[in-house]
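Quick notes on the structure that follows.
The values are calculated or read from the model by the stated rules, or taken from the named source; none is laboratory data. Keep in mind that this is a model prediction, so the values were computed, not measured. Positions of Cβ are backbone-derived with ideal geometry, glycine not excepted, and every protein chain shown enters the neighbour counts.
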Amino acid sequence: MNYELKAISGVDRVLHEPGRMLIAALLYGVEGADFLYLLNETGMSKGNLSSHLAKLEEAAYAEIVKSFKGKIPHTLVKLTPKGRAAFDDYRRQLKTITAGLAAADVPRPQ
Amino acid sequence: MNDQLNANGTAAMSNDMEDALTRHNRAWMADGIVEIVLGSFWLLWGAIVVVPAMFPGAMTAQLRLVLILVSMGAMPFVLRRAIRGWKERVSVPRTGYVELKKPRSKWNLIHIALGSLLGYSIGLLFSQGSRSVAQWGALGLGIIMFLAMVLMAWRIRAMRLFALSWVVLAAAVASFVFNFRVATCSGVLLLAYAFVCLVDGLLRLRSYLRQHPRPAGEQL
């Protein structure tokens, strides 16, 4: 097995799902963001977003803080240090895979 | 799926991810509130500098100094309060809340010190001509402000801000060419900067409010 293929098999399964990857990327550049912001930016449904957030929380990649602003519930989501490290690794792996596949330059079958 | 398709697909995914990583910059500026608040401060400073230069009896030097010191001291506190308070009323209920990372103040101070040193050195370099160091400095400051606006426009992908930023450069060059006094040069520059911030901020706020009507009883 060559180096690039090893990188593919070693990809983080929690982050290698487009929805969760997008959430992690949105949270990576900031201290935290609320549910409504993530809902707007990802374009997901509330249920779908909640399910992805629960998976990120389960993997200890995200921390979810629920509170009230007046009478309105407020959900703040933050990436944990473990989540940031995992996302750094994931980006590195993705770049390696992209570079490897581009370098292979295999012709398209006719 | 063949390898080339794989490579293109992964590259597209990677590009989307890079876009998402900087999305908060655009989201933070989307409502125009930051520009309006900053523009108001530039307008105040521009007025403090320009009014005594154009109407010598209007303000004493001591009063001007007090106003500048008070506004500079209050700026970080007032800016933070005003931006956060306004955003909580206008944009948080519409498009949600995003907490930006705290800037590394040590690096910011180093950048300001290096920028000032560079500006002063350039001023000294050209001061052999008929114009003073301060006039060259004002032109240099104008160019730096213009470049900062262009950089901001590129970061938040704002074509209108890019177009408006040329007003700042034009003001700096015009002040220099017409050989204005230093105080007038700086004042004109600050007012041009304020004009661009306020116009772009207000237009941005208007289109933001049109695009995002306030939802009723939504979860934050």
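In the stretch A:78-102, which residue that is closer than 19 Å to A:V65 by Cβ and among the basic types (K, R) is farthest from the other protein chains (Cβ to nearest Cβ)? Among them, the one singled out is A:K82.
Residues in the stretch A:54-74 that are among the aliphatic types (A, V, I, L, M) and surrounded by 19 or more Cβ atoms within 10 Å (Cβ to Cβ): A:L56, A:A62.
Of all residue pairs spaced 6 or more apart or on separate chains, those with beta-carbon atoms under 7 Å, a first member in the stretch A:21-42 that is under 17 Å from B:D19 (Cα atoms) and more than 7 Å from chain B (Cβ to nearest Cβ) and a second member that is in a helix (DSSP H, G or I) and of a type in the set (F, W, Y) are A:A24/A:F87. Taking the options B:V188, B:V150, name whichever one is out of contact with any Cys (no Cβ under 7 Å at 6 or more places or on another chain), touching a residue at least 24 places away in the same chain (Cβ under 8 Å) and either not in a helix (DSSP H, G or I) or not polar (S, T, N, Q) (or both). Only one candidate passes the filter, namely B:V188. Which condition number in (1) away from chain A (no Cβ under 14 Å); (2) at pLDDT 85 or above is the one that B:R23 fails? B:R23 satisfies every listed condition except (1). Closer than 26 Å to B:R214 by Cα and among the polar types (S, T, N, Q), is that true of A:T80? Against the criterion (closer than 26 Å to B:R214 by Cα and among the polar types (S, T, N, Q)), A:T80 does not qualify. For the structure I just gave you, tell me whether A:S50 is surrounded by fewer than 18 Cβ atoms within 10 Å (Cβ to Cβ), among the polar types (S, T, N, Q), within 14 Å of the chain's Cα centre (by Cα) and modelled with pLDDT of 90 or more. Judged against the criteria, A:S50 is a match.
If you go through the stretch B:99-158 and pick out every residue that is aromatic (F, W, Y), surrounded by fewer than 14 Cβ atoms within 10 Å (Cβ to Cβ) and at pLDDT 70 or above, you end up with 1.
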